[in-house]
Amino acid sequence: MLAALPHDVVAQLALLANDGAVPVVSVVMPVFNEMENLDAILDRIVSVLEPHGAFEVLVVDDGSTDGSLAHAIGRHDRDHRIKVVALSRNFGHQSALLAGLHHARGRAVVLMDADGQDPPELLPAMIERWQGGSDVVYGVRRNRQESQWKRTSYWLFYRFLYKVADLEIPPDAGDFCLMDRKVVDALRSLNESSAYLRGLRSWVGFTQSGLEYDRPAREAGEAKYTLRKLVRLALNGVMAFSAAPLRLASVLGVITSLLGFLYVGFAVAARLLAGEVPKGWTSLIAIILIVGGSQLFVIGVLGEYVARVYGETKRRPHYVVGSRHL
Ligand code: UDP
Ligand code: MG
C-alpha cells in the first residue's frame, strides 16, 4: 500500500511514527564515503547547535561503501538527535539532499556538506538572520581553497548561468543554506526530475539573503564529486533554468547561413571581376565542416533537452530509501 504513495508522503508517514518535539533546526547532511570526516563534523554541529534549542541532524547516507553508514547508525544509537536515512545505492548529492528535505521536521532546515567545507560555525549567524525575517539564508563563497582550474570553472559557470537563466540565481551561492519550513514545503511540492536545488531555491522566492564566508578546503579525503558528476550538475543547472542553448542553436544557424551567402557573393564577384574561378577545394571542405559541425552541435543541444523531457516523463523518484533510523 505504501508503495503507491509519493515518496515524500511515505517519508512523512515514517516521521509520524516517530513522535517527539518538533526541532527548531534540522541539519540535512549527505554523506558518501566520509568516514574520516563524520565524527568531527557531527561533533561540531552538535556543539554549535546545543545552545539554540531542540535540533536534529539528518545524515543521508548516499550508498557509502566505507563504513560511514554503520558509523552514523552507531552515533544515532548514542544520541537520538542524530538520525540516519540510508539510500539504497549512490543516487548523487542532489538526490540525497532531497531525501533529507523530505525527512526533515525542523521549523528551519539547513543543507550542509559533510567534509567541513560548509562550516557549522556559521549556523548561529544564519539562525539569527532567519529569526530576523529572512526565509532563506544562503552561503556565498567569498573565496575557495580549490585548485586554480576548478576555481576558474566555477567562476565562469556561475557567471554564465547568471546571464542565461530565466530567473536570478545568485552567483557563488552553493547548496549551503538555511531555509524556513514554508520554503522547504514549497520545494517539496515541485517534484522536478532534474533537481538543481540552488536554482529551485531561487525559483520559489520568499525573502532571501546571502551570507558571505570563506570556503575552506575539504577536511579529509577526496572530493566525492567526480568531474562527470560536476558536469552533469552544471548541465542540469543551465538546462533546467534556461532555454538559451536552444536559442543559441538558431543563432548559430543564422550566422553560418549568412557566412554562406557572403561567400557566394564573394565567389560571384571574383568570377565577374577577376574572371578567375577560385580553386575551391579548401573553401569547400571548410564550409562542409563548419556547416556539418554546427548542425551536429545543434542536434546535440536538442538531444540534451529531449533526454530531459524523457527523464521527466518517466517520473521516477529521485531516490529509494534502504533504511531509516529516526
Ligand atoms: N556526496 C554525496 N553523493 C555523491 C557525491 C557527494 O552524498 O554522489 C556528498 C559528499 O559526501 C559531501 C557532499 O556531497 O558531503 C559534497 O561533496 P564533495 O565535497 O565531493 O563536493 P565538492 O565540495 O567537491 O563540490
Ligand atoms: Mg566538498
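Please treat every number below as a calculation from the coordinates, not as lab data. Keep in mind that this is a model prediction, so the values were computed, not measured. Using ideal geometry, Cβ is built from the backbone for each residue, glycine included, and neighbour counts are taken over all protein chains shown.
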Quiz item: When Lys and Arg each count +1 and Asp and Glu each count -1, what net charge do the other residues less than 14 Å away from Arg159, Cβ to Cβ, add up to?
Solution: +1
Exercise. Report, to the nearest 10°, how far helix 93-103 tilts away from the longest principal axis of the Cα atoms in the chain, using its own Cα long axis and a range of 0 to 90°.
Key: 40
Quiz item: Assuming R0 = 56 Å, what is the FRET efficiency of Ser153 and Arg271, from their Cβ-Cβ distance, to the nearest 0.05?
Solution: 0.70
Quiz prompt | Square roots of 5 times each gyration tensor eigenvalue, C-alpha, region 106-243, largest first, Å | solution = 22, 20, 14
Quiz prompt | Spatial extent of the chain: Rg and Dmax, with the Cα atoms as the point set, Å | solution = 24.8, 92
Quiz item: Based on Cα positions only, what radius of gyration and what Dmax would you give for region 193-326, in angstroms?
Solution: 24.4, 86
Quiz prompt | Integer Hz, Karplus 6.51/-1.76/1.60 couplings in order for region 285-292, x for Gly and Pro | solution = 4, 4, 5, 4, 5, 5, 5, x
Self-check item: Distance between modelled label sites at Thr313 and Lys163, nm, 7 Å Cα→Cβ extension
Solution: 3.4
Exercise. Go ahead and run the numbers for FRET between Val251 and Asp39, Cβ-Cβ distance against an R0 of 45 Å, rounding to 0.05.
Key: 0.30
Practice problem: Distance from a point 7 Å along Cα→Cβ of Ser209 to each backbone N in region 165-202: keep the residues under 14 Å and list them by number. | Solution: 178-180
Self-check item: Spin-label model distance (nm) - Arg142 vs Leu227, 7 Å beyond Cα toward Cβ
Solution: 3.2
Self-check item: Selected from Val320, Ile288, Trp203, residue furthest toward positive end of dipole (the chain; charges at beta carbon)
Solution: Ile288
Quiz item: In degrees between 0 and 90, to the nearest 10, how far off the longest principal axis of the chain does helix 244-269 point, with axes built from Cα atoms?
Solution: 10
Quiz item: Over its Cα atoms, what ratio of radius of gyration to 2.2 N^0.38 Å does region 75-181 give?
Solution: 1.22
